[in-house]
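The values are calculated or read from the model by the stated rules, or taken from the named source; none is laboratory data. Treat the numbers as computed from the prediction; the structure is a model and nothing was measured. Quick reminder, even Gly has a Cβ in these numbers, built from the backbone with ideal geometry, and neighbours come from all protein chains shown.
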Amino acid sequence: MPLRFTLRQLEYLVAVGECGSISQAAEKLSVSPPSISTSIAQLEAEFGFPFFVRKHAQGMSLTRDGRAFLAEAQAVLRDADRLNDLANDITGRVRGPFKVGCLQTFAQIVLPHLRRGFVDRYPEIEFLQTEAHQMALIEMLRNADIDIALTYDLSIPADLVFVELATLPPYLVLPEAHPLAGRDSVDLAEVAPYPMVLLDLPLSSDYFLALFAAAGVRPNIVERTRDLPIAQSLVANGFGYTIANIPPVTDLSPDGHRLRFAALTGPVRPLRMGLVHAGGGASFSKARAFVAHCRENLSTSAAGQPRIVAEDR
């Protein structure tokens, strides 16, 4: 007789394998722990071997056979998702799970507004968002952990596709009392000697340092942080200036101090914001619809005022 199991049972198994405990998997999937326990017991009985070693105080760990089975179960679920996407593409419906990654530098500014408009337009979409740095987003795309990523054109591998949405030149973020505050534009060589707070994220820091190298000067880095709001607060409190590309929505730092902004002049390469996907996935209706939605709702403002405008429909 053929083995009998359901995709839901595989989903429960994968969740426990990834979370390491039934309680965490139940919370992740919003189901009861007994439902998951029963499903896994049924799968083990059906296939005839244990997937997990039960550790009362330390959760559950996969057996060797369980690890092999988990990998195949993940592949089956991915194939099932592709069938669902294909059906949606054939019928033109935009529905089902849609996993969107976003660069953590600007996720809080851009993604919630885009998400709100998208799920309002397509109420059958189950929008799942993740924020991460660039290298993590690329890895998640390659592993099919996300369907699409909203990010910059920083070291996009050749096996991924980049769709440009907006061009963002770099600009200075200055404390209100800085000697260069009040200027509309500042040459990169002029600001280089002043103390700098570097946004030190993977690839992002390489981009900022390359701006100085192209101008033939070296920055005076006094602080490093991986968080843009922290960089803004350090700047506002007089610890230095920073450089950013994502336009501000306010002239206040997160701790309430005033910030000043100026365009950068010199050999400064802008960043392009866009969507990255794995190629084939973009043929499906969800990805196509999201690309169109982002193009409608993201635009750049007039020259000299780098700003992303999320337009309300």
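Tabulated data for the structure shown
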read-out: Single condition L70 does not satisfy, out of (1) among the aliphatic types (A, V, I, L, M); (2) at pLDDT below 90; (3) within 15 Å of E11 (Cβ to Cβ); value: (2)
read-out: For E139: the one exception among (1) modelled with pLDDT under 95; (2) crowded, with 18+ Cβ neighbours inside 10 Å; value: (2)
read-out: Residue within segment 235-244 that is of a type outside the set (K, R), under 21 Å from A149 (Cα atoms) and either part of a loop (DSSP other than H, G, I, E, B) or touching a residue at least 40 places away in the same chain (Cβ under 8 Å) (or both) present; value: yes
read-out: So P179, is it in a loop (DSSP other than H, G, I, E, B), touching a His at 6+ places or on another chain (Cβ under 8 Å) and either over 30 Å from E72 (Cα atoms) or free of Cβ contacts under 8 Å to residues at least 12 places away in the same chain (or both); value: no
read-out: Meets criteria (under 27 Å from P254 (Cβ atoms) and either out of contact with any Pro (no Cβ under 7 Å at 6 or more places or on another chain) or not assigned by TED's automatic domain parsing to the domain that holds V161 (or both)) for L141; value: no
read-out: Single condition N143 does not satisfy, out of (1) among the polar types (S, T, N, Q); (2) without any contact (Cβ under 8 Å) to a residue 24 or more places away in the chain; (3) over 17 Å from C102 (Cα atoms); value: (3)
read-out: The listed residue being buried (at least 20 other Cβ atoms within 10 Å of the Cβ), farther than 30 Å from G240 by Cβ and acidic (D, E), out of D159, D147, D120; value: D147
read-out: Restricting segment 24-36 to residues that are touching a residue at least 12 places away in the same chain (Cβ under 8 Å) and surrounded by fewer than 15 Cβ atoms within 10 Å (Cβ to Cβ), the residue that is nearest to Q129 (Cα to Cα); value: K28
read-out: Qualifying residue in segment 185-197 (condition: more than 12 Å from Y241 (Cβ to Cβ), out of contact with any Phe, Trp or Tyr (no Cβ under 7 Å at 6 or more places or on another chain), of a type outside the set (V, I, T) and in a loop (DSSP other than H, G, I, E, B)); value: no
